[in-house]
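The values are calculated or read from the model by the stated rules, or taken from the named source; none is laboratory data. Here the structure is a predicted model, which means the values were calculated and not measured. For neighbour counting, all protein chains shown are included, and Cβ atoms are generated from backbone atoms with ideal geometry for every residue, glycine included. Accessible surface areas use protein heavy atoms only, side chains included; no ligands, DNA or RNA. Shrake-Rupley method; radii C 1.70, N 1.55, O 1.52, S 1.80 Å.
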Amino acid sequence: MSWTFFHKLGSPKWFYEISSKLLPWVAVFSLLMLAVGLVWGLVFAPEDYQQGNSFRIIYIHVPAAILAQSCYMMLAVAGVVGLVWRMKLADVALQCAAPIGAWMTLVALFTGSIWGKPTWGTYWEWDARLTSMLILLFLYFGIMALRMAISNRDTAAKATAVMAIVGVINIPIIKYSVDWWNTLHQPATFTITEKPAMPPEMWMPLLVMVLAFYGLFTLNLLMRMRLEVLRREHKTRWARAALESNT
Amino acid sequence: MRSVIWQLLQREWQLSWRRPGDVLNPLVFFAMVITLFPLAVGPEPQMLQRMASGVIWVAALLATLLSLDGLFRSDFEDGSLEQWVLSPHPLTLLVLVKVLHHWLMCGVLLVLLTPLLGTMLALPWSVIPVLCVTLLLGTAVLSLLGAIGAALTVGLKGGGSMLLALLILPLYIPVLILGTGTMDAALQGLPVQGYLLWMSCLAVLALSLSPLAIAAGLRIGVSE
């Protein structure tokens with residue numbers, strides 16, 4: 001079997017062309033999902049019998065928390081791809097995804113804290129899931145700081161890739177912290193294998209919101225990566241042509 | 001191969017004897033941080049006993065972290081690191097010997113100091129052996145994980161000790177939680193075997209996987 005198609009994926013020029021075709025579709029999909037999910041979740045979903053309307057924050061909190069973790073997994077995968085196949089694009093993806101992941105972790109922590117006050121009676125609790133999410137935020141900061149500290153781009157790329165792979169050992173701890181330690185935070189809202197405990201009117205909009213967040217993440221990542229690719233390749237002919245056709 | 005390991009250990013041993021300050025500084029730091037706590041929170045034995053294991057663990061963690069910053073620096077500066085990378089012997093093995101020496105010079109000496117500081121913090125004699133065993137296993141993990149960060153930051157100008165802390169402290173947290181959990185169980189008279197097995201599990205995992213990451217980090221640092 002030929003592996004050349006795989007290497008084509010790593011070409012910045014090819015990425016720039018294909019992403020400009022993808023971008024409108026991703027934008028339409030994610031904005032549509034976001035609109036549907038927000039209206040459905042915040043207006044039409046029934047009130048929770050215990051928590052009243054305050055439960056509605058899960059429509060932001062849960063997608064952000066899911067994304068915060070899968071974004072870190074993506075960093076590690078990009079790190080492996082970058083180290084093994086020496087693809088420049090994998091490093092661009094790693095560099096551009098790290099700040100988005102950090103933002104998602106912050107959003108998850110912040111919304112959780114707002115929700116915690118009326119429900120648990122406290123903004124912050126040293127509970128396993130909360131603390132491990134905070135650690136995830138520090139991991140993101142560490143990767144971003146390492147990238148900023150090393151001036152040589154190739155060295156920085158390899159070093160952050162190694163760091164992303166090493167840090168991945170903390171992800172299962174975050175993921176299963178709720179199952180392993182019986183603490184304040186409730187178990188995972190969504191599992192693929194089991195039927196959700198919520199009624200469909202409540203979890204369907206949540207599912208839509210999760211898809212919307214993944215869409216927005218892809219959109220944001222593609223836009224950041226396109227900018228970074230142009231910045232790195234600004235001396236090549238195709239990048240100049242792309243820049244000139246835009247202005 | 002065996003002679004290479006032996007020679008490397010001898011070299012490291014001689015180097016640390018020539019500069020005893022590098023060995024003593026983490027120990028003095030460890031003792032001083034622990035001394036600060038009774039001064040800061042008050043000398044009541046009950047409160048000290050309650051905090052003792054946490055204070056000792058955090059102090060051990062910081063002392064290891066500080067001593068790790070220079071782990072590869074002098075070898076990097078005088079070029080011996082490049083010779084390691086170019087040498088026919090596997091780099092993973094060489095770094096493992098280096099980290100082993102660091103653990104002997106830092107972790108094991110901290111553990112030797114612990115019974116004294118533990119009794120000063122009003123820990124009962126019955127839990128001191130447990131504390132020493134967990135610290136012995138834990139500091140090995142701390143040295144191994146920390147060496148990854150030291151390898152990644154070795155090429156940075158102006159010292160990367162702050163960055164090293166930022167990179168490595170999140171990875172230290174599982175060790176800290178397990179270590180203090182063991183002590184809590186021991187203080188309440190509960191069985192600690194399960195905790196000790198988990199600590200050993202972490203140590204074996206770090207021993208087998210982190211040399212790969214350390215070697216990769218050093219290759220990146222040297223290639224710059």
Residues of the range B:175-199 satisfying the condition of being open to solvent by 70 Å² or more (accessible area, probe 1.4 Å) and of a type in the set (S, T, N, Q): B:188, B:193
Within the range A:44-92, which residues are within 14 Å of another protein chain (Cβ to nearest Cβ), surrounded by 23 or more Cβ atoms within 10 Å (Cβ to Cβ) and over 21 Å from residue A:219 (Cβ atoms)? A:79, A:82
Can you tell me which residue within the range A:168-179, out of those that are more than 7 Å from chain B (Cβ to nearest Cβ) and under 20 Å from the mean Cα position of the chain (by Cα), is surrounded by the most Cβ atoms within 10 Å (Cβ to Cβ)? A:174
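Each row is one residue, and each column tells you yes or no for (1) of a type outside the set (Gly, Ala, Ser); (2) open to solvent by less than 20 Å² (accessible area, probe 1.4 Å).
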{"site": "A:134", "(1), (2)": "yes, no"}
{"site": "A:147", "(1), (2)": "yes, no"}
{"site": "A:150", "(1), (2)": "yes, yes"}
{"site": "A:159", "(1), (2)": "no, yes"}
Six or more apart or on different chains, Cβ atoms under 8 Å: show the pairs whose first residue is in the range A:88-115 and within 21 Å of residue A:167 (Cα to Cα) and whose second is of a type in the set (Asp, Glu) and part of a helix (DSSP H, G or I). A:92/A:228; A:95/A:228; A:96/A:228
Residue check for residue B:114: polar (S, T, N, Q), out of contact with any strand residue (DSSP E or B) (no Cβ under 8 Å at 6 or more places or on another chain), in contact (Cβ under 8 Å) with a residue 24 or more places away in the chain and closer than 30 Å to residue B:34 by Cβ: yes
Out of the range B:38-73, which residues are without any contact (Cβ under 8 Å) to a residue 40 or more places away in the chain and either open to solvent by less than 60 Å² (accessible area, probe 1.4 Å) or outside any loop (DSSP other than H, G, I, E, B) (or both)? B:39, B:40, B:41, B:42, B:47, B:50, B:59, B:62
When residue B:184 is run through (1) charged (D, E, K, R); (2) more than 18 Å from the chain's Cα centre (by Cα); (3) away from chain A (no Cβ under 14 Å), the failure sits at (3)
Taking the range B:1-37 and the residues there that are of a type in the set (Phe, Trp, Tyr) and within 17 Å of residue B:95 (Cα to Cα), the one that is most open to solvent (accessible area, probe 1.4 Å) would be B:6
Can you find, within the range B:163-174, the residue that is farthest from the other protein chains (Cβ to nearest Cβ) among those that are surrounded by 24 or more Cβ atoms within 10 Å (Cβ to Cβ) and free of Cβ contacts under 8 Å to residues at least 60 places away in the same chain? B:171
Keeping to the range B:152-162, report how many residues are under 20 Å from residue B:95 (Cβ atoms) and within 9 Å of chain A (Cβ to nearest Cβ). 5
Number of positions in the range A:103-118 that are open to solvent by 10 Å² or more (accessible area, probe 1.4 Å) and either under 15 Å from residue A:60 (Cα atoms) or within 14 Å of another protein chain (Cβ to nearest Cβ) (or both): 11
Go through the residues of the range B:200-217 one by one and say whether even a single one is assigned to a helix (DSSP H, G or I), crowded, with 22+ Cβ neighbours inside 10 Å and in contact with a Gly (Cβ under 7 Å, 6 or more places away or on another chain). no
Could you give every pair whose Cβ atoms fall below 7 Å, whose first residue belongs to the range B:209-224 and is at the interface with chain A (Cβ under 9 Å from one of its Cβ atoms) and at pLDDT below 90, and whose second residue is open to solvent by 10 Å² or more (accessible area, probe 1.4 Å) and outside any helix (DSSP H, G or I), counting only separations of at least 6 or pairs across chains? B:221/B:155; B:224/A:152; B:224/B:155
Which one of B:192, B:99 is within 30 Å of residue A:158 (Cα to Cα) and touching a residue at least 40 places away in the same chain (Cβ under 8 Å)? B:99
Of the residues in the range B:103-117, those that are open to solvent by 40 Å² or more (accessible area, probe 1.4 Å) and within 17 Å of residue B:62 (Cβ to Cβ) come to B:103, B:109, B:113
